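The values are calculated or read from the model by the stated rules, or taken from the named source; none is laboratory data. Remember, it's a predicted structure, so these values are computed and weren't measured experimentally. Ideal geometry is used to build each Cβ from the backbone, glycine not excepted, and the neighbour counts take in all protein chains shown.
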Amino acid sequence: MEFRHLRYFLMLAEELHFGRAAQRLSISQPPLSLNIQQLEASVGAQLFNRNSRGVQLTAAGLAFVPAAKALLAQAGAAARQAREVAQGQEGQLLIGFAGTMLYCGLPQILSQFQISHPRLKLVLRELSSTEQLSDLLRERLDVGFVHTPRVPPGFENLLVASQPLVACLPVSHPLATAPQLGLEALRGQDLVVVSRAVSPDYHERILRVCEQAGWLPQVVHELRHWLSVVSLVSQGLGVALVPQALQQSAMAGVVFVPLQEVDVRYDTRCLWRSDRDQAALKDFVQAVQGGGMQPTDN
């Protein structure tokens, strides 16, 4: 049984006349008759009575009409869905991100992209950069927003934001009102950092920049999320060096002070596999390119 057979059957069932049905199908009558015979053989039942008075549906034919319509409708819906997925208008896009992206323009990008792709399901997964790299390699994510310069072979990347680190201090800290700080001013302070396991690059870079300033940092807490770092500082349990974007978290109990002569940049890269031929992914990358993620401090 082919979909052509179903279309021919339904046209003949509507017209009950081989000549008129063939004309509407833009074919001659003999191919129509042959296809109806093939359909009846496939179904295993006679669908039409043919006699000198014309053409009539049999009981089997009457029963087959709604089923044939449903089959054609399902096929049409499947074809439309396949086209829309191929065009990036339907399906789903798996997006990984680290928490700081919530303050770097990602929500605005997602909102605008969803307007232009209303039937595309955006699935968000908050993961560390290390976890995203693992899931991207295993194709558990379509695209990720990572904070690491380590781009594996076979991946494309786009730098979407670059920001400085700033000092995060409790509001009661003696240096909280300073317009800016040198790292030497934090010598001897208890330091709260993001975990080495979660963000090895920035964990190491924060420790190194303190050492370059002439002091060995005293790390007392290692946490999985930057927001957790800020929260702990707000409780007066240490100081931290955090990405500038976290100022937008508006968390009570902390202040953010610019740092002098610290050249560590907190870079955000959009990352995806080079071999992914996915229209929705291409559209999303274009949206990220044109979205103007912030902050980017030059």
Residue among Gln108, Gln114 that alone is closer than 21 Å to Gln289 by Cβ and either in contact (Cβ under 8 Å) with a residue 24 or more places away in the chain or assigned by TED's automatic domain parsing to the domain that holds Gln244 (or both): Gln108
Scope the range 214-264; condition at pLDDT below 90, small (Gly, Ala, Ser) and either in a strand (DSSP E or B) or loosely packed, with under 15 Cβ neighbours inside 10 Å (or both); matching residues: Gly214, Ala250
Within the range 113-128, tally of residues that are part of a strand (DSSP E or B), among the charged types (D, E, K, R) and closer than 11 Å to Gln92 by Cα: 1
Within the range 33-57, tally of residues that are assigned to a strand (DSSP E or B), polar (S, T, N, Q) and surrounded by 12 or more Cβ atoms within 10 Å (Cβ to Cβ): 2
In the range 118-134, the residues that are more than 21 Å from Ala279 (Cα to Cα), touching a helix residue (DSSP H, G or I) at 6+ places or on another chain (Cβ under 8 Å) and modelled with pLDDT of 90 or more: Glu126, Leu127
Exclusive hit being surrounded by 18 or more Cβ atoms within 10 Å (Cβ to Cβ), modelled with pLDDT of 85 or more and in contact with a Lys or Arg (Cβ under 9 Å, 6 or more places away or on another chain), set Phe9, Phe18: Phe18
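Taking the range 140-185, which residues are β-branched (Val, Ile, Thr), part of a loop (DSSP other than H, G, I, E, B) and either in the same structural domain as Trp272 (by TED's automatic domain parsing) or crowded, with 19+ Cβ neighbours inside 10 Å (or both)? Steps first, answer last, please.
Going residue by residue through the range 140-185, those that are β-branched (Val, Ile, Thr) are 143, 146, 148, 151, 160, 166, 171, 177.
Next, only the ones that are part of a loop (DSSP other than H, G, I, E, B) stay: 148, 151, 171, 177.
Residues satisfying the conditions are Thr148, Val151.
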Filter pass, Ala197 being farther than 19 Å from Glu261 by Cα and not acidic (Asp, Glu): yes
